[in-house]
Amino acid sequence: MNHDNDIPYISDVRMLDIDTDHEWARFKAAAGISEPKTFRLSTLWKAAASIVLIAGASLLAYNHLAAPATETHVASQEAIEATVETSTQISLNRNSRITCTDNRKNGTYNVQLEGEAYFDVEKNPDRTFTIDTKDVTVTVRGTSFDVCEADGNTTVTVTSGNVEVTNHADNQTIGNLTRGKQLVCHAGGKMEVRDVDNFNCIAWKLRNFEFNDQTLEEIMKQLQTAYNFQYNFANDDVRKAKLTGTFDQQDIQSVFTVIEEALDITITQDADGAWSIGK
Amino acid sequence: MGIDTKTFETLFKQNFVAVTAYCNKYVRDTEEAKDLAHRAFMKVWEKREAVPEGSNVKALTYRIAHNLSINYIRDHKKFCDEEELQTVESENSDADNDIKAAELEAAVIDTINHMPEKSKKVFLMSRYDQLSYNDIAGQLGVSIKTVEAHISAALKLLRKKIFGSAP
């Protein structure tokens, strides 16, 4: 029997390449099913300022009680983008979640963040825009910035405008954080402000890297945050090889090609998708 | 009484693609079909407390999906001809055959989506774009023998997954 003609015709199989987990996440969000599991949500804030917020390696199970106009976005395997208010954009990094509460009555817009997000917040003098992590409250003063909560620390890196941070431990406030300033709030509430000379730490969003005589080990670690790949080193010589250079919005393949040329090494992809770096 | 969240999640994940394929037979638009499938599951979810013990929830979901699809076609009548609508409406909504066809389609889709990348590409070009082996070989810069090998591998996989045996 010739089975060739037994196969049913499907209108366009490529359109039905459905990610069931993704659809389930969508459904759960719409149905209001809450469960501290794998969500996929996204939010991005657009403003006269942009902010990146990075939060911890682990998601905390917040209990979100019903509040005025609340929406939740979750990024599980991939970073996602969301638009809230009218034009505030939030890029949510992998393994992160935000819950946004629009409280028009008292003129506040609040975002609860677990993980990391980059905010581009729309300018609106009539409302106060705040972001809460476990440890701090970030108040937006017309700014772009990144907030990262990881390893027990919350890091706020400002790319434009002006941000104010208040820690939850003792309500200490540090204001006037501007471009190039990075605030770290350590476990326990101690805060320090330092200058950053590049924005590699938020390259997962911007995909702009600037390396200055850094080892391949350090470089791969940073590239991994933006491109999400697995890799291994063939030997310590390669691991310790040093590189200076910049990458601007390039795909990972062309980044690797440049590194291969510069260091005279080979970077090849295994059958399982991991990259092997060797001589 | 009722359906708990875990059971519902399993129902959703096992049947979402098939229900979408089922709706797609009516609306011929995969994005709309996906939306209709979402709405069908939502209706089941909203009624979860009221579903009697032992009822066939899957059949219920398909029945709702059927009704939503019919409503959709009616509301978008200007884009479809009356005759077609009557044919669709007269069909038995929850006939086992329709559901089986949708599930078969979902199984085919799932199998195709799990084929090795090259075989999948060649297979889709052949079966869905209706290209000849010669054209495919030309477009991909491979020999006709290679195209044949990919088609053969793809069909073998489909037979195994769908018919449960390889010839």
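The values are calculated or read from the model by the stated rules, or taken from the named source; none is laboratory data. No experiment lies behind these values; they were computed from the predicted model shown. Counting neighbours? That spans all protein chains shown, and the Cβs are built from the backbone with ideal geometry, glycine included. Surface accessibility is based on the protein's heavy atoms, side chains included, excluding ligands, DNA and RNA. Shrake-Rupley method; radii C 1.70, N 1.55, O 1.52, S 1.80 Å.
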Exercise. Which one of the conditions (1) at pLDDT 80 or above; (2) open to solvent by 40 Å² or more (accessible area, probe 1.4 Å); (3) within 18 Å of residue A:115 (Cβ to Cβ) does residue A:184 fail to meet, given that it meets all the rest?
Worked result: (2)
For this session: Search the stretch A:165-193 for residues that are closer than 17 Å to residue A:131 by Cα and pair each with any residue that is acidic (Asp, Glu) and open to solvent by 80 Å² or more (accessible area, probe 1.4 Å) when their beta-carbon atoms are under 8 Å apart and the residues are at least 6 apart or on different chains.
Result: A:182/A:195; A:189/A:170
For this session: Scan the stretch A:210-249 for residues that are at negative phi and either charged (D, E, K, R) or not assigned by TED's automatic domain parsing to the domain that holds residue A:271 (or both) and jot them down.
Result: A:210, A:217, A:218, A:221, A:236, A:237, A:239, A:240, A:242, A:248
Problem set entry | Members of the stretch B:11-35 that are crowded, with 24+ Cβ neighbours inside 10 Å and of a type in the set (A, V, I, L, M) | B:17, B:18, B:19, B:21, B:33
Exercise. Strands (runs of 3 or more DSSP E) wholly in the stretch A:198-261 with at least 3 residues that are modelled with pLDDT under 85 - which ones?
Worked result: A:208-215, A:242-248
For this session: Would you confirm whether any residue within the stretch B:73-86 is modelled with pLDDT of 80 or more and either more than 30 Å from residue B:137 (Cβ to Cβ) or of a type in the set (A, V, I, L, M, F, W, C) (or both)?
Result: yes
For this session: Evaluate the following for residue A:199: is it surrounded by fewer than 21 Cβ atoms within 10 Å (Cβ to Cβ), hydrophobic (A, V, I, L, M, F, W, C) and within 23 Å of residue A:82 (Cβ to Cβ)?
Result: yes
